[in-house]
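Take a look at the structure set out below.
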Amino acid sequence: MTGTVINIDRVVKRFGTFTALHEVSLDIAENEFFTLLGPSGCGKTTLLRCIAGFEPVSGGQIRLHGEDIAPLPPFKRPVNTVFQHYALFPHMTVLENVMFGLQRLGWSVVDAEGRAKQALELVHLSQFLKRRPGQLSGGQQQRVALARALAPEPKVLLLDEPLSALDLKLRQAVRMELKQIQRETGIAFVFVTHDQEEALTMSDRIAVMSDGHVQQIGAPREIYEAPVNRFVADFIGETNLIEVPVLGIADGMAEVSLPGGRALRCPTPLNRAVGQGVLSLRPERIDLCPASEADLTVIATDQVYLGTDIQLKAQLAGGQEMTVRLQNAQATRLPERGAEVGLKLEAGAARLLSA
Amino acid sequence: MKQLDLRRFPGFFAITLLCVVVLYAPLLVVSVYSFNASTSITSWGGASLAWYVDVFTGPESPKFQRAAMNSLIIAVLAGICATLIATSAAVAMHRAGRFRGKTATFALINLPLMVPEVVTAVASLIFFTAIGFSGGIGTILLAHITFCIPFAYLPIAARMQSVPDSYEQAAMDLYATPWEAFRLILLPLMMPGIFSGFLLAFIISLDDFLITNFVKGAGVETLPTAIFGAVKQGIKPNIMAISTLMLAVSVVFVTLSWLIGRSGQAKKTE
């Protein structure tokens with residue numbers, strides 16, 4: 001485990017009477033691709049702006065290599081930002097934009113130019129040095145913004161939804177490239193996004209946020225497969241949330257009673273017995289089966305063709321909607337609308353969360 | 001829905017024509033008659049540049065040249081000072097966040113546009129008399145700076161609103177101090193607005209008669225007051241030539257101001 005580069009310690013941010021961040025604490029390791037993920041208004045951008053220094057914190061500390069940087073103005077913090085709309089200086093050329101930070105740090109023009117060219121090479125933009133930002137495409141502008149923020153070799157690079165202004169195809173290509181650049185430079189990236197797919201594909205670790213609280217921090221796989229609460233389970237990927245009575249909890253395993261009466265053992269983050277819980281069922285871990293072996297029995301209501309998958313919509317006896325994802329290869333044995341269908345829960349399908 | 005076509009309204013053409021004639025016919029007459037060879041101001045005696053020659057070499061030319069020089073000096077200085085003040089005001093209004101009395105400040109900056117000019121003129125005269133300033137270039141300059149501020153402010157503030165503050169944030173993120181962020185980023189981006197504001201203030205100052213006439217004191221003339229003084233002794237065609245020249249200068253400056261303001265807008269939307 002490498003050292004911690006940024007230590008966010010009980011940071012509070014209030015705007016008037018509204019509290020945007022409630023004692024948020026998290027550590028970001030050196031050389032890590034760390035993502036702040038959450039719906040809009042969850043406080044992720046506010047936290048990023050607190051790290052950059054654009055928002056003064058109302059409480060708590062932000063430590064960079066152990067030193068509290070919360071009282072420092074943005075221009076004294078060795079962190080750089082890639083802005084959502086890039087904020088490239090329109091009256092400067094690409095090269096001047098990238099040299100800007102280095103020159104403010106006191107680099108000579110010759111040295112700054114050399115370093116800026118290296119940074120532009122890293123993002124494959126060496127041929128556009130003399131262009132103005134307005135003459136570049138959105139994707140190229142995004143690379144300039146990245147080069148500009150990387151050139152001064154910050155301790156941490158902050159990225160504020162930098163892909164949201166790009167179209168889908170480009171966004172997917174840039175994801176891999178960003179990840180690669182992060183590995184090459186070895187700089188810790190703090191990436192803000194509301195796009196869970198972006199977060200899952202790029203991050204070493206993700207902090208899921210909502211309402212100014214960090215809900216869970218973990219590797220993408222951990223967040224997806226072992227969500228700690230209902231919000232995380234619902235926000236990351238698709239899931240079916242079903243209220244069930246809990247029979248018992250011991251050693252991280254719960255025993256619940258499924259609708260229809262079958263008992264099921266599944267993992268849970270809870271450690272105390274609760275009367276009622278919410279069962280999260282991942283749609284892709286559910287399969288069709290004969291009624292005799294079924295964990296759940298449903299009535300098929302609709303199917304949606306998704307290319308690689310087919311999404312089966314169904315209803316439990318109580319009227320609750322369920323979604324099942326089947327690989328297209330199994331399409332031959334799809335039930336008719338209105339037919340009774342048996343569902344088998346595969347390993348890892350279910351997880352009990354607090355109601 | 002079909003778009004409302006104003007041109008199909010009954011009487012549209014007649015009303016438009018009336019407005020255009022009332023507004024511009026006098027200007028047209030003055031401009032045309034400034035090229036009149038005759039000394040009469042009502043009968044046409046053939047085309048000539050005689051009155052333009054008279055403006056620069058005739059018996060009244062020293063008086064008008066002195067007045068023109070005064071006007072120019074005052075307009076340049078008033079334009080510069082008003083632009084500086086207006087720029088500071090725009091920065092405060094658009095970058096200092098919310099502060100107490102922001103609306104009141106905005107109203108105060110723009111009040112001179114609403115106050116009847118004669119009221120400002122009388123008030124300025126009373127003020128200068130009360131504090132013991134005698135009329136002259138100095139009082140004219142002070143008065144001009146004051147009423148030029150809103151004219152300079154409007155294009156500058158408009159330009160500044162179109163510059164998102166993320167540019168300065170990006171600059172500060174890249175180790176620029178607030179002053180460097182202003183000087184290297186915000187100021188260059190505001191420049192079209194500032195220049196446009198200066199030109200507008202300059203031309204407003206150059207053209208002002210009423211306030212100038214109240215505060216100028218004896219013996220000091222600007223071009224408009226000199227023209228007015230000359231007209232009182234009877235309108236000669238040389239006045240028309242001077243007026244036409246001023247009109248030309250005004251048109252050039254206002255057009256420049258508009259073009260510069262527009263070029264800034266075009267850049268923003270690209």
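Table for the structure above
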{"quantity": "Residue list for the range A:199-223, restricted to those being in contact (Cβ under 8 Å) with a residue 40 or more places away in the chain and either of a type in the set (A, V, I, L, M) or touching an Asp or Glu at 6+ places or on another chain (Cβ under 7 Å) (or both)", "calculated": "A:199, A:202, A:204, A:205, A:206, A:207, A:208, A:209, A:214, A:217"}
{"quantity": "Pick from the range A:237-251, criterion assigned to a loop (DSSP other than H, G, I, E, B) and within 26 Å of the chain's Cα centre (by Cα), ranking: nearest to residue A:319 (Cα to Cα)", "calculated": "A:239"}
{"quantity": "Residue in the range B:18-36 that is among the polar types (S, T, N, Q), closer than 19 Å to residue B:145 by Cβ and out of contact with any Asp or Glu (no Cβ under 6 Å at 6 or more places or on another chain) present", "calculated": "no"}
{"quantity": "The range A:84-108 residues that are farther than 27 Å from residue A:44 by Cα and at the interface with chain B (Cβ under 7 Å from one of its Cβ atoms), paired with ones that are assigned to a loop (DSSP other than H, G, I, E, B) and aliphatic (A, V, I, L, M) (beta carbon under 8 Å, 6 or more apart)", "calculated": "A:100/A:92; A:100/B:174; A:100/B:176; A:104/B:174; A:104/B:176"}
{"quantity": "Condition broken by residue B:25, with the remaining ones in (1) surrounded by 15 or more Cβ atoms within 10 Å (Cβ to Cβ); (2) assigned to a helix (DSSP H, G or I) satisfied", "calculated": "(1)"}
{"quantity": "Condition check for residue B:198: out of contact with any Phe, Trp or Tyr (no Cβ under 9 Å at 6 or more places or on another chain) and crowded, with 22+ Cβ neighbours inside 10 Å", "calculated": "yes"}
{"quantity": "Strands (runs of 3 or more DSSP E) within the range A:256-355 that include 1 or more residues free of Cβ contacts under 8 Å to residues at least 24 places away in the same chain", "calculated": "A:263-267, A:296-305, A:309-316, A:321-327"}
{"quantity": "Every residue from the range A:288-321 that is in contact with a helix residue (DSSP H, G or I) (Cβ under 8 Å, 6 or more places away or on another chain) and closer than 23 Å to residue A:263 by Cβ", "calculated": "A:288, A:297"}
{"quantity": "Among (1) of a type in the set (A, V, I, L, M, F, W, C); (2) more than 14 Å from chain A (Cβ to nearest Cβ); (3) under 30 Å from residue A:101 (Cα atoms), the one test that residue B:199 misses", "calculated": "(3)"}
{"quantity": "Residues of the range A:2-37 that turn out to be on the phi > 0 side of the Ramachandran plot and in contact with a strand residue (DSSP E or B) (Cβ under 9 Å, 6 or more places away or on another chain), as a count", "calculated": "3"}
{"quantity": "Criterion: more than 28 Å from residue B:148 (Cα to Cα) and touching a residue at least 24 places away in the same chain (Cβ under 8 Å) - qualifying residue of B:51, B:44", "calculated": "B:51"}
{"quantity": "Hey, residue A:228 assigned to a loop (DSSP other than H, G, I, E, B), in contact with a strand residue (DSSP E or B) (Cβ under 6 Å, 6 or more places away or on another chain) and not polar (S, T, N, Q) or not", "calculated": "yes"}
{"quantity": "From A:284, A:198, A:222, A:255, residue being closer than 17 Å to residue A:325 by Cβ and not aliphatic (A, V, I, L, M)", "calculated": "A:284"}
{"quantity": "Only one of B:192, B:188 that is within 11 Å of chain A (Cβ to nearest Cβ) and over 29 Å from residue A:151 (Cα atoms)", "calculated": "B:192"}
{"quantity": "Exclusive hit being of a type in the set (Val, Ile, Thr), within 29 Å of residue A:5 (Cα to Cα) and touching a Leu at 6+ places or on another chain (Cβ under 8 Å), set A:94, A:123", "calculated": "A:123"}
{"quantity": "Qualifying residue in the range B:160-181 (condition: assigned to a helix (DSSP H, G or I) and more than 14 Å from chain A (Cβ to nearest Cβ))", "calculated": "yes"}
{"quantity": "Residues satisfying the stated conditions in the range A:144-158, i.e. within 11 Å of another protein chain (Cβ to nearest Cβ) and closer than 16 Å to residue A:85 by Cβ", "calculated": "A:145, A:148, A:149, A:158"}
{"quantity": "Any chance residue A:141 is under 29 Å from the mean Cα position of the chain (by Cα), at pLDDT below 95, within 14 Å of chain B (Cβ to nearest Cβ) and assigned to a helix (DSSP H, G or I)", "calculated": "yes"}
{"quantity": "Evaluation of residue A:196 against (1) in contact with a Phe, Trp or Tyr (Cβ under 7 Å, 6 or more places away or on another chain); (2) over 11 Å from residue A:35 (Cα atoms); (3) touching a residue at least 60 places away in the same chain (Cβ under 8 Å) (one fails), failing number", "calculated": "(2)"}
{"quantity": "Filter pass, residue B:56 being without any contact (Cβ under 8 Å) to a residue 24 or more places away in the chain and more than 26 Å from residue B:187 (Cβ to Cβ)", "calculated": "yes"}
{"quantity": "Which listed residue, of B:78, B:157, B:121, B:143, is surrounded by 13 or more Cβ atoms within 10 Å (Cβ to Cβ) and modelled with pLDDT of 95 or more", "calculated": "B:78"}
{"quantity": "The one condition in (1) within 14 Å of chain B (Cβ to nearest Cβ); (2) touching a residue at least 12 places away in the same chain (Cβ under 8 Å); (3) farther than 23 Å from residue A:181 by Cα; (4) of a type outside the set (Gly, Ala, Ser) that residue A:130 fails to fulfil", "calculated": "(1)"}
{"quantity": "Residue in the range B:48-55 that is closer than 29 Å to residue B:230 by Cβ, part of a helix (DSSP H, G or I), more than 29 Å from the chain's Cα centre (by Cα) and not polar (S, T, N, Q) present", "calculated": "yes"}
{"quantity": "Unmet requirement for residue A:189, which otherwise passes all of (1) in contact with a helix residue (DSSP H, G or I) (Cβ under 8 Å, 6 or more places away or on another chain); (2) part of a helix (DSSP H, G or I)", "calculated": "(2)"}
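So that you can scan it fast, the table gives a plain yes or no per residue for (1) at pLDDT 90 or above; (2) hydrophobic (A, V, I, L, M, F, W, C):
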{"site": "B:200", "(1), (2)": "yes, yes"}
{"site": "B:224", "(1), (2)": "yes, no"}
{"site": "B:233", "(1), (2)": "no, no"}
{"site": "B:246", "(1), (2)": "no, yes"}
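The values are calculated or read from the model by the stated rules, or taken from the named source; none is laboratory data. On a predicted model such as this, the values are computed, not experimentally measured, just so you know. Glycine also receives a Cβ, built like all others from the backbone with ideal geometry; neighbour counts cover every protein chain displayed.
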